[in-house]
Amino acid sequence: MSGWRDRFGAEAARWQSAGLERQRRVVRRLSATECEVDGRMVCAFAGNDYLGLACHPRLIEALAQGARCYGAGSGASHLVSGHLAVHEQLEAVLADFAGKPAALTFMNGYVANIALLTSLAREGDVIYSDRLNHASIIDGARLSRAALKVYPHADVDALGSLLASSKARQRLVVTDAVFSMDGDIAPLKDLLSLCERYDALLLADDAHGIGVCGPQGRGTLQSLGLDSERLVYMGTLGKAAGLSGAFVAADPLIIEHLIQHARPYVFSTASSPALAHATLTALELIRAADGARARLAAHRLRLREASSQWPAYRLLASSTAIQPLLVGDNRRVVAIAEALLDEGVWVPAIRPPTVPEGTARLRITLSGAHSSQQLERLCDALTHVLARLEVSPA
């Protein structure tokens, strides 16, 4: 008589027995790097606030000022009456920031990727997706009804073979620019060369590169000097920018196509004008954050040096703020994360299906707001916990 209860209960039991059960933690933020987590005071290496802007006083004031000037909400979709002058201003500034002729804002990166993939590809087209792409890309590709070809992670030769054999009318290559769980950077230059050769669009999701990579934090594409009319750039504003939201920057024809055909854009209420106003300040702060980016780079080198004390584990190669420490076993990584919390350091345990089976890890995220003393606290806690637990390599 309660089939749904039996089914969901059995699924919960299987999930828990596999060491995959997730837990929401109640957080009270105290500063850019310190917070209270379930009643414990910790130094956080757990989020994506890579420049420490989420608590920046100028950004907080800009959000309040935006509400005073424009109101709290937009009240309608962009295509009805919700596209305010401040939204128009922000899109122009975002286009300039990304080095593209036009831009369009979205509620968040997940929605932006769903919108992009379901409007730029359809039945009869082919999407080529890196195996380690974010879930929003995977879901968008499935919803598009286009054929989906998954190529091995960062394998340019494999992708080239797939493109060479394709007879599709429209080809769309999509990749994370900075991979969210590995922290490595996609071979974007080589991917663009393939797209030029085989007349494909290249969609780069730079959620974790904007603010951190490139001159003035303008993103991964600009760090590599890449520019092409077939490049579609997606950046999020809820990570290094310290707020929420996302944008797409591309050729004006692509932007207009999204305005007309991207259902998540057409049928969603426009984001708060107060948020749009604050994002203008966030972009100013990003441009001026060279000092924070330098500290972030120094923290990364220090962590790499300290990792020599943990020979049973591998700190994955990453030149970004994301520094994954590979553990392997699901229960083992949870035990390490809990022990670190007891030491006053918060580093999340990441397990399948977020990452492939057998690659459970600590996802250490660094911020330019971390002090050198906090970095030493992290390194000391890792050394102490890993030695105390006497955990064997995965």
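No value in this document is a laboratory result; all are computed from the given coordinates. This structure is a prediction, so every number in the text was calculated from the model and none was measured. For neighbour counting, all protein chains shown are included, and Cβ atoms are generated from backbone atoms with ideal geometry for every residue, glycine included.
Residue ranges 215-221, 11-17, 360-366 sort as 360-366, 215-221, 11-17 when ordered by packing (mean number of other C-beta atoms within 10 Å per residue, highest first).
Compared with the alpha-carbon gap, the fully stretched path from residue 287 to residue 199 is longer by 28.3 nm at 0.36 nm per residue. What you get for the stretch 57-287, charging only the Cβ of Lys and Arg (+1) and of Asp and Glu (-1), is a dipole of about 380 debye around the Cα centre.
One chain, two ends: residue 88 and residue 40. Fully extended at 0.36 nm per residue, the span grows by 13.0 nm beyond their Cα-Cα distance.
Here the dipole of the stretch 346-393 is about 120 debye; that uses its Cα centre as origin and unit charges on the Cβ of Lys and Arg (positive) and Asp and Glu (negative). Taking the DSSP bridge list for the chain and keeping only pairs wholly inside it, about 60 percent are antiparallel. Packing, as the average of other Cβ atoms within 10 Å across residues, places the peptides 231-238, 166-173 in the order 231-238, 166-173, highest first. If only the Cβ of Lys and Arg carry +1 and only the Cβ of Asp and Glu carry -1, the dipole of the chain around its Cα centre is close to 560 debye. Remark: spin-label model distance residue 21-residue 65 equals 4.8 nm, labels positioned 7 Å along the Cα→Cβ axis. Here the stretch 57-287 carries DSSP beta bridges of which approximately 40% are antiparallel, counting only pairs with both residues inside.
Test of understanding: extend the Cα→C-beta vector of residue 227 to 7 Å, then name every residue of the stretch 92-114 with backbone N under 19 Å from that spot. Answer for the stretch 92-114: 92-104.
Distance between the C-alpha centres of the stretch 28-95 and the stretch 307-321: 32 Å, rounded to the whole angstrom. Extension gain for the segment residue 317 to residue 11, taken as residue separation times 0.36 nm less the Cα-Cα distance, is 106.6 nm to one decimal. The lysine pair tally for the stretch 57-287, using Cα distances under 25 Å and a gap of 8 or more places or different chains, is 6.
Modelled spin labels at residue 139 and residue 167, positioned 7 Å past Cα toward Cβ, are 3.5 nm from each other. Computed from label points 7 Å out along Cα-Cβ, the spacing between residue 189 and residue 147 is 3.2 nm. Among the GluC sites (Glu not before Pro) found in the stretch 13-44, not one is both in a DSSP coil and sparsely packed, with 11 or fewer other Cβ atoms within 10 Å of its Cβ. Each DSSP beta bridge with both residues in the stretch 188-265 is either parallel or antiparallel, and the antiparallel ones are about 50%. For residue 157, put the label point 7 Å out on the Cα→Cβ axis and report which residues of the stretch 188-228 keep their amide N under 17 Å from it. Residues 190-191, 194 qualify, since their backbone N sits under 17 Å from the label point. With a cut-off of 13 Å between beta carbons, the residues surrounding residue 130 carry a summed charge of -4, where Lys and Arg count +1 and Asp and Glu -1.
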